[in-house]
Amino acid sequence: MTKQAIRKKILWVDDEIDSLKSHIFFLEKRGFELTTAMSGDDAVVKVQHETFDLVLLDEMMPGKDGLATLEEIKDIHPHLPVVMVTKSEEESLMDDAIGQKIDDYLVKPVNPSQVLLVIKRLLESGKIISGSSMKRYIAEINRFNEKLYGTVSPEDWQEAGRILASWNLELDVTSDTGLEQLLDGTRREWNNVFAKYIENNYRGWLFSDKRPVLSPDVAAKYVVPLLKREKKVLFIVVDCMRLDQWMQVEPLLAEYYNIRRETYLSLLPSATPFARNALFAGLFPDEINRAYPDNYSSRDEGSLNRNEERLFADNLARNGLRYDRKLRYVKIFDNTEGEVLAKRIADFFDSPIVALVFNFLDILSHGRSNNVILREIAGTDAAFRSLMKSWFVHSPLFAILKAFAARDFTVVITSDHGSVLCQQGTMAHGKRSTSSNLRYKYGDNLKSDPKHSILIKNPDEWRLPQLSIATTYIIAKEDYYFVYPNNYNEMVRQFQNSFQHGGISLEEMVVPLAVLTPK
């Protein structure tokens, strides 16, 4: 039997079923197969012995009424959609029916079109939504593609990041394989053009007052003005949080806050030692290196952001805001530390500015490369988003945000960069002293394929620290990651399909930022 020939089977239960013949004929003409029952007992027997796609159930029948019948039907088939048809609009009745998990209800007298609308919503919404989604997707993607033939602004690329993130979330719900493949193709195409755009325009922003908001500009634009208006501020940085990840947890906070969502562009490399240091310092990495010579002196890359509290305090001071010991800064590496903080969060309520850094997502991204179980659980973008949401719902971060919602604090929550699912390895050549990152590297006299990466021979042009006489940087484009020739196969085995950051992609560089005002 072809897919088009399959007819959805509906059981309509009503003690006055003969009066509904015109309704039944109307539905049959539209391709549905109708079976009828005149009592609750008869309906239960039919559900036990036949397969139905949906039940229309009269609420008031002699003998076994609709609610009792509903309970028995759900015992037999818990997931069988049931629509209650009732003469009563009493709230208590609706509460009882909803409590027993009806999927919808209709109030008599019903007309055939009302019944058809409910049936189509419950049985064909996936197909209808898929068709509608395809039309909307094509229209939205085409609108942006037209911009690619003209002059594209930084704001346009931030909008491109939002478009991709929105469709990611929509397809998480609809699971339309065909549309997912189209979206993946669009993502690759846009990231290819975006990388070229960054290569041609990024350096000009770094020395311009008319640049888009970049990492060093965030505090001055979003935090300082609030503090100058004597608003208390909770500044939260969730390391490695992507725009799509923020958008999926944002509705959970809507109960507690009015939310204004924006985006900004991460510095390159889109990684903690550069982007997050700049975020707190309000300075570009080369300025940080000159003002704080010890900041980039360590060979331990994990310690290159050890001065954040000092950088942030000095940033505020340059903007006329000196808090001495009133500045509260805490970096949280795991849930245990977060839970301890959440229990004593009341100690922070008297501070004018509280800065919290949550490293969980970054640790999860890196840990996934070395953990087979994590790679299985979070093997795709969608799975990683799901894991992030699950963490957030049960996290100390959510608990802390709910606690601050009851206080007179404005919350500015953001990230330092996102991450990209790496699919393609590309060769990198350098000395043993070269940094170990997979999406960017710095060291002496580095080389890489210019099709897949940017080679930076003069760090000053990119506002990056010159760490030695011959310091060069390479930054990966799109979804490439660096591998060494002498360890190629092993690195591909370990890092193929892993989440990395530091390179040039919309997922890494278009960073979410939201201003939350308690309701």
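The values are calculated or read from the model by the stated rules, or taken from the named source; none is laboratory data. What you see is a predicted model; the values in this text were computed from it and never measured. Cβ sites come from the backbone with ideal geometry, for glycine too, and all protein chains shown count toward neighbours.
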When you scan the range 463-519, how many residues do you find that are touching a His at 6+ places or on another chain (Cβ under 8 Å) and surrounded by 15 or more Cβ atoms within 10 Å (Cβ to Cβ)? 9
The range 203-217, residues that are buried (at least 23 other Cβ atoms within 10 Å of the Cβ) and either of a type in the set (A, V, I, L, M, F, W, C) or in contact with a Ser or Thr (Cβ under 9 Å, 6 or more places away or on another chain) (or both): LEU214, SER215
Any residue that is modelled with pLDDT under 95, of a type in the set (Phe, Trp, Tyr), farther than 30 Å from ARG229 by Cα and surrounded by 15 or more Cβ atoms within 10 Å (Cβ to Cβ) - is there at least one of those in the range 348-356? no
From the set of residues in the range 4-23 that are within 42 Å of the chain's Cα centre (by Cα) and among the charged types (D, E, K, R), which is surrounded by the fewest Cβ atoms within 10 Å (Cβ to Cβ)? ARG7
Would a scan of the range 176-185 turn up a residue that is surrounded by 19 or more Cβ atoms within 10 Å (Cβ to Cβ) and more than 27 Å from LYS331 (Cβ to Cβ)? yes
Could you figure out which of (1) at pLDDT 95 or above; (2) under 27 Å from the mean Cα position of the chain (by Cα); (3) on the phi < 0 side of the Ramachandran plot isn't true of PHE284? (2)
Could you grab me the full set of residues in the range 1-17 that are at pLDDT 90 or above and not basic (Lys, Arg)? ILE10, LEU11, TRP12, VAL13, ASP14, ASP15, GLU16, ILE17
Filter the range 154-188 for residues that are under 22 Å from SER266 (Cα atoms) and free of Cβ contacts under 8 Å to residues at least 24 places away in the same chain and give the result. ASP156, GLU159, ILE163
Considering TRP205, TRP167, which residue is aromatic (Phe, Trp, Tyr), closer than 27 Å to ILE474 by Cβ and either in contact with a helix residue (DSSP H, G or I) (Cβ under 9 Å, 6 or more places away or on another chain) or in the same structural domain as ALA313 (by TED's automatic domain parsing) (or both)? TRP205
Somewhere in the range 164-171, is a residue over 18 Å from the mean Cα position of the chain (by Cα), under 22 Å from SER419 (Cβ atoms), assigned to a helix (DSSP H, G or I) and not aromatic (Phe, Trp, Tyr)? no
Condition met for SER419 (buried (at least 20 other Cβ atoms within 10 Å of the Cβ) and among the hydroxyl-bearing types (Ser, Thr, Tyr)): yes
Under 8 Å between Cβ atoms, which residue pairs at least 6 apart in sequence (or on different chains) link something in the range 492-519 that is at positive phi and touching a residue at least 24 places away in the same chain (Cβ under 8 Å) with a partner that is in a strand (DSSP E or B) and of a type in the set (Phe, Trp, Tyr)? GLY502/TYR440
Only unsatisfied item for SER166, checking (1) of a type in the set (S, T, N, Q); (2) at pLDDT 90 or above; (3) surrounded by 15 or more Cβ atoms within 10 Å (Cβ to Cβ), is (3)
Flagged in the range 12-31 as among the β-branched types (Val, Ile, Thr) and farther than 17 Å from VAL82 by Cβ, in numbering order, are ILE24
A careful count of residues in the range 460-476 that are within 22 Å of SER505 (Cβ to Cβ) and free of Cβ contacts under 8 Å to residues at least 40 places away in the same chain gives 1
For the range 441-459, pairs from a residue that is without any contact (Cβ under 8 Å) to a residue 24 or more places away in the chain to a residue that is small (Gly, Ala, Ser) and in a strand (DSSP E or B), with Cβ under 8 Å and 6 or more apart or across chains, are LEU455/SER448
Can you go through ASP239, ASP217, ASP209 and tell me which one is in contact with a Leu (Cβ under 8 Å, 6 or more places away or on another chain) and acidic (Asp, Glu)? ASP239
